[in-house]
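Enquirer: Got a structure here, written out as C-alpha cells. Questions coming.
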Amino acid sequence: MSEYVIQMKNVHKTFGTRKILKGTDVNVKKGETMVILGPSGTGKSVTLKHITGLVSPDEGDCLLFGQSISFSEEKIRRKLRARMGVLFQSGALINWLSVYENVALPLREHKISSGQILHENVMEKLRWLDLVHAKDNLPSDISGGMKKRAGIARALTTNPEVLLYDEPTSGLDPVMSNVFNELIIRLKKELQVTSVVVTHDMESAYKIADRITFLYEGKAIFCGTVAELRSSPNQLIQQFINGRTEGPMILDHSKDNKKVH
C-alpha cells in the first residue's frame with residue numbers, strides 16, 4: 001500500500017490552445033500539510049481541480065487513497081470526494097443562506113444526516129470555528145475572515161480526511177492571516193487531516209508546510225521541506241521566494257510577452 005494519500009502522476013492538461021500542466025507530479029503523505037507554490041498561471045488551481053476530480057487529465061492520472069479519481073466510475077468518485085473538504089478562495093458561501101444553512105449544506109445535499117444529528121454536527125463546527133454568534137447572519141453581514149472560517153466549518157461537517165485550501169490567507173490582514181495559519185496547524189494536529197494548500201503567501205507557507213511543491217510552467221520543479229526550499233540552488237526558486245524583480249523567471253516569460261504576477 002502506498003504511503004501517499006494523494007498522487008498526481010505525469011498529469012498533462014490543455015485548455016483550448018493553452019497547455020497548463022505538462023507532466024505534473026505531486027505526492028502527498030498521510031497527515032502532512034503540502035503547500036503548492038509557484039507564479040500565477042502555472043497550474044496551481046488546476047492541480048487542485050484534478051485532486052478533487054472536477055477536471056480529468058489529458059494524460060496521466062490522479063489517485064486518492066490509491067484509487068483513480070480521474071477515471072473511475074462516478075459512484076467511486078463520489079465516495080472519494082466525500083472524504084475531502086475544500087475551502088475556496090472566497091469561502092464560496094451561498095449569499096441567500098445563513099451561515100448555519102451554509103455549513104449544513106453538504107449534510108443535506110449528500111443526505112449524510114438530518115434532524116437533531118445534523119443540528120449537533122453543525123453547531124459543533126460553528127463552535128469549533130467561533131461562529132455560533134453569527135449562525136443566523138447572511139454572508140453579506142459578516143467579514144471576509146468569518147466567511148473563510150464558515151467555509152472551513154462547512155468543509156469539516158463531513159469529517160473529511162483531506163482538506164484542500166485555495167489561497168486561504170488571500171485578502172486577509174496580517175493578524176487574520178496568522179489566525180488562519182494557526183487554524184490550519186490546529187486542524188492537522190487535532191483531526192490528523194491531510195492538507196494541500198495553494199498560496200502565494202510565503203510567510204504562511206513557511207509556517208504551515210511540512211513539505212512544499214514548487215510548480216513552474218506546468219511542472220513540479222521542486223519538492224522538499226521549508227529548509228530545503230530556502231537553501232535550493234535553483235535561481236528561479238530563489239527569485240520567487242525572495243520577491244526579486246530580476247532573475248530567470250522574468251527572462252523566461254519575456255519570450256512570449258507574458259508577465260508573472
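The values are calculated or read from the model by the stated rules, or taken from the named source; none is laboratory data. Every value quoted in this text rests on a predicted model; they were computed, and no experiment measured them. Quick reminder, even Gly has a Cβ in these numbers, built from the backbone with ideal geometry, and neighbours come from all protein chains shown.
Enquirer: Within region 219-261, take every residue that is in a loop (DSSP other than H, G, I, E, B) and modelled with pLDDT of 90 or more and give me the one that is surrounded by the most Cβ atoms within 10 Å (Cβ to Cβ).
Expert: Residue satisfying both the conditions and the ranking: 232.
Enquirer: Right, another one. Determine if region 186-194 includes at least one residue that is buried (at least 17 other Cβ atoms within 10 Å of the Cβ), in a helix (DSSP H, G or I), out of contact with any Pro (no Cβ under 7 Å at 6 or more places or on another chain) and outside the structural domain of residue 128 (by TED's automatic domain parsing).
Expert: yes
Enquirer: Among the residues of region 195-218, which ones are of a type outside the set (Gly, Ala, Ser) and assigned to a helix (DSSP H, G or I)? Steps first, answer last, please.
Expert: Narrowing region 195-218 to residues of a type outside the set (Gly, Ala, Ser): 196-203, 206-208, 210-217.
Those that are of a type outside the set (Gly, Ala, Ser) and assigned to a helix (DSSP H, G or I): 202, 203, 206, 207, 208.
Enquirer: Further question: From the list 52, 42, 33, exactly one residue is buried (at least 20 other Cβ atoms within 10 Å of the Cβ) and in contact with a helix residue (DSSP H, G or I) (Cβ under 9 Å, 6 or more places away or on another chain). Which is it?
Expert: 33
Enquirer: For region 120-130, which residues satisfy the criterion of being out of contact with any Phe, Trp or Tyr (no Cβ under 9 Å at 6 or more places or on another chain) and of a type outside the set (D, E, K, R)?
Expert: If the condition is that a residue be out of contact with any Phe, Trp or Tyr (no Cβ under 9 Å at 6 or more places or on another chain) and of a type outside the set (D, E, K, R), then 121, 128, 129 are the ones that fit.
Enquirer: Looking at this structure, is residue 32 out of contact with any Gly (no Cβ under 9 Å at 6 or more places or on another chain) and acidic (Asp, Glu)?
Expert: yes
Enquirer: Right, something else. Hey, can you tell me all the residues within region 203-218 that are touching a residue at least 60 places away in the same chain (Cβ under 8 Å) and surrounded by fewer than 21 Cβ atoms within 10 Å (Cβ to Cβ)?
Expert: 210, 211, 217 - these are the residues of region 203-218 that are touching a residue at least 60 places away in the same chain (Cβ under 8 Å) and surrounded by fewer than 21 Cβ atoms within 10 Å (Cβ to Cβ).
Enquirer: Among 152, 142, 117, 112, which is among the β-branched types (Val, Ile, Thr), at pLDDT below 85, buried (at least 17 other Cβ atoms within 10 Å of the Cβ) and not assigned by TED's automatic domain parsing to the domain that holds residue 196?
Expert: Just one listed residue meets the conditions, 152.
Enquirer: Within region 127-139, which residues are at pLDDT below 85 and either surrounded by fewer than 16 Cβ atoms within 10 Å (Cβ to Cβ) or farther than 14 Å from residue 153 by Cβ (or both)? Before the answer, list the steps.
Expert: The first filter runs over region 127-139 and keeps only residues at pLDDT below 85, leaving 128-130.
Matches in region 127-139: 130 only.
Enquirer: Taking helices (runs of 4 or more DSSP H) that do not extend beyond region 92-185, which have at least 3 residues that are in contact with a Gly (Cβ under 7 Å, 6 or more places away or on another chain) and touching a residue at least 60 places away in the same chain (Cβ under 8 Å)?
Expert: 144-156
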